[in-house]
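Quick note: the coordinates plus some simple rules give every number you see, no bench work behind them. In this text the structure is predicted, and so the values were computed from the model without any measurement. When we count neighbours, we look across all protein chains shown, and the Cβ atoms used for this are built from the backbone with ideal geometry, even at glycine.
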Amino acid sequence: MQEDLFADAVDQLLKGHCSPKVVRSIEAGQPAEALWAQLENAGFADAMVQEVDGGAGLSLSQVYGVWSLCGSHALPVPLAETMVARALVSRVGRAHPAGPIALAEGRLMEDGSLTCPVVRLGKVAQAVLVQHQAGWQLLHMAEAASEPAAFCLDTRSRWIAAQVSAAPSLEIALPDGLDLRTMQACLTAAQLAGALMHTFERTLNFANERTQFGRPIGKFQAIQHQLAVMSEHVFAARMAAQLGCAGNGMFPDWLRVAVAKARCSQAALLVAESGHAIHGAIGFTEEYDLQLMTRRLHAWRQTAGSESYWHAVAGTALVDGHQACTLDLLRATTDVND
């Protein structure tokens with residue numbers, strides 16, 4: 001019940017402050033501070049921080065609904081990432097920086113500089129929590145030399161050696177099998193599930209309202225077939241994403257995350273394709289809201305590893321890392337006993 005109330009509160013806030021107009025304005029370069037202030041003042045950014053450190057101490061299963069809503073509302077600020085980053089930083093007894101925090105994998109270069117190929121939502125983040133081959137660091141986005149990435153709010157960022165040396169190092173320890181990519185894949189799968197559901201519902205409503213030859217196009221068998229296939233992928237992805245966030249703590253099971261991210265990324269291509277096919281030419285226009293979702297589906301499909309990457313991770317566990325029956329592994333993975 002607490003989870004539902006928390007998600008409902010986020011939903012009401014985003015309905016009032018994260019309209020498609022606001023999303024477009026932030027994507028066009030307008031400041032995101034007003035939207036972020038609403039989320040910050042409501043306490044959502046500290047939801048996963050332990051209660052002893054001033055947060056709500058919510059678990060993955062309790063924040064799944066919030067992360068899904070971030071996807072269904074096309075939230076253009078890194079709320080989910082900030083929730084994870086602040087929880088990780090607080091666990092090692094360090095104060096987190098103010099404002100939104102992105103998550104990114106980085107690589108230390110020979111000259112001491114640090115490069116992040118993709119900082120998701122880097123344009124609207126004030127800091128980034130980076131995991132690289134030498135550990136974890138918190139860096140300021142304002143100090144980075146950044147270039148646009150494929151998605152309009154993402155960046156490719158680089159910090160010089162002096163900035164890297166001055167940035168605090170964090171002794172973050174994750175359970176076996178987990179790293180930043182796995183944590184990011186977990187929250188991205190939940191956001192994909194929300195965006196997939198929103199895309200499907202928008203497409204279904206369009207099919208029931210758009211008339212051709214005197215009746216709604218949703219009455220035609222070919223469209224019904226496309227909608228049925230979309231719904232199968234959307235609901236399977238949602239179930240997989242919920243499985244990825246199963247558990248009472250803040251750390252997911254890496255194999256459940258592999259299944260969740262692979263399934264959601266796989267669904268992203270088909271749902272985006274079918275949604276645009278049913279909408280016809282109108283769906284591709286900048287003025288129509290469908291593209292706010294489908295662009296994110298394509299971008300998030302690649303975030304923290306596409307379906308092929310996570311299929312390989314899950315396949316390795318099934319083939320190389322498990323000697324008993326496959327059915328036993330599936331039961332152990334899908335049954336939530338913690």
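As a test of the formula, what do you get for the chain when each DSSP H run with n ≥ 4 contributes -39,500 (n - 2.57) and the sum is divided by the residue count, at 222 nm and rounded to the nearest 500 deg cm²/dmol? Taken over the chain, the calculation gives -17500 deg cm²/dmol.
Using C-alpha pairs below 8 Å separated by at least 6 residues, the relative contact order for the chain is 15 percent. The lysines whose alpha-carbon is closer than 22 Å to the alpha-carbon of residue 21, local same-chain residues fewer than 8 away aside, are 123. Exposure proxy for 64, 309: other Cβ atoms within 10 Å of each Cβ, ordered fewest to most, give 309, 64.
What do you get for GluC sites (Glu not before Pro) in region 198-300 restricted to DSSP loop and a cutoff of at most 15 other Cβ within 10 Å of the site's Cβ? For GluC sites (Glu not before Pro) across region 198-300 that sit outside H, G, I, E and B with at most 15 neighbouring Cβ atoms in 10 Å, the list reads 286, 287.
Please say if region 2-170 is rounded, prolate or oblate, where rounded means a/c under 1.5 for a ≥ b ≥ c the square roots of the C-alpha gyration tensor eigenvalues, and otherwise the choice is prolate for a/b larger than b/c and oblate otherwise? Oblate, since a/c reaches 1.5 and b/c is not below a/b. The length gained by stretching the chain between residue 19 and residue 142 to full extension, at 0.36 nm per residue less their Cα-Cα distance, is 41.6 nm.
Work out, step by step, the length gained on full extension between residue 224 and residue 318: first 0.36 nm times the residue separation, then minus their alpha carbon distance; give nm to one decimal. Walk me through the numbers before you get to the answer.
On the way: separation 94, 0.36 × 94 = 33.84 nm, distance 3.64 nm.
Answer, rounded to one decimal: 30.2 nm.
How far is helix 79-91 tilted, in degrees, relative to the longest principal axis of the Cα atoms in the chain, given as a value from 0 to 90 rounded to the nearest 10? Between the helix axis and the principal axis of the chain, the angle is about 30 degrees. Across region 41-50, computed HN-Hα scalar couplings (Karplus, 6.51 cos²θ - 1.76 cosθ + 1.60, θ = phi - 60°) run 5, 7, x, 5, 5, 9, 4, 9, 5, 4 Hz from first to last residue, x flagging Gly and Pro. Quick note on region 195-338: its Rg to Rh ratio, both from C-alpha atoms and Rh being the Kirkwood radius, is 1.08. Cβ crowding within 10 Å ranks 217, 26 as 217, 26, fewest other Cβ atoms first. With everything on Cα atoms, drop me the angle between helix 307-319 and the longest principal axis of the chain, reported from 0 to 90° to the nearest 10. So the helix axis and the longest Cα principal axis differ by about 70 degrees.
Placing pseudo-labels 7 Å out from each Cα toward the beta carbon at residue 288 and residue 325 gives an inter-label distance of 5.0 nm.
Over region 180-334, what is the mean sequence separation of C-alpha contacts under 8 Å (at least six apart), divided by residue count, expressed as relative contact order in percent?
Details: 195 pairs, mean separation 47.6, N = 155.
Over region 180-334, the number comes to 31 percent.
In plain terms, the chain from residue 248 to residue 273 could stretch by 5.4 nm, reckoned as 0.36 nm per residue minus the Cα-Cα distance. Expressed as an acute angle from 0 to 90° and rounded to the nearest 10, what is the orientation of the C-alpha long axis of helix 180-209 relative to the principal long axis of the chain? Helix 180-209 sits roughly 20 degrees off the main axis of the chain.
Suppose every K and R has +1 on its Cβ and every D and E has -1 on its Cβ; what is the size of the dipole of the chain about the Cα centre, in Debye to the nearest 20? Can you show the working numbers first?
Working: 24 positive and 33 negative charges, 167 e Å.
Using only the charged Cβ atoms, the result is roughly 800 debye.
The relative contact order of region 1-102, computed from alpha carbon pairs under 8 Å that lie at least 6 residues apart in sequence, is 31 percent. Each of 250, 109 was scored by other Cβ atoms within 10 Å of its Cβ. Arranged with the fewest first, they read 109, 250.
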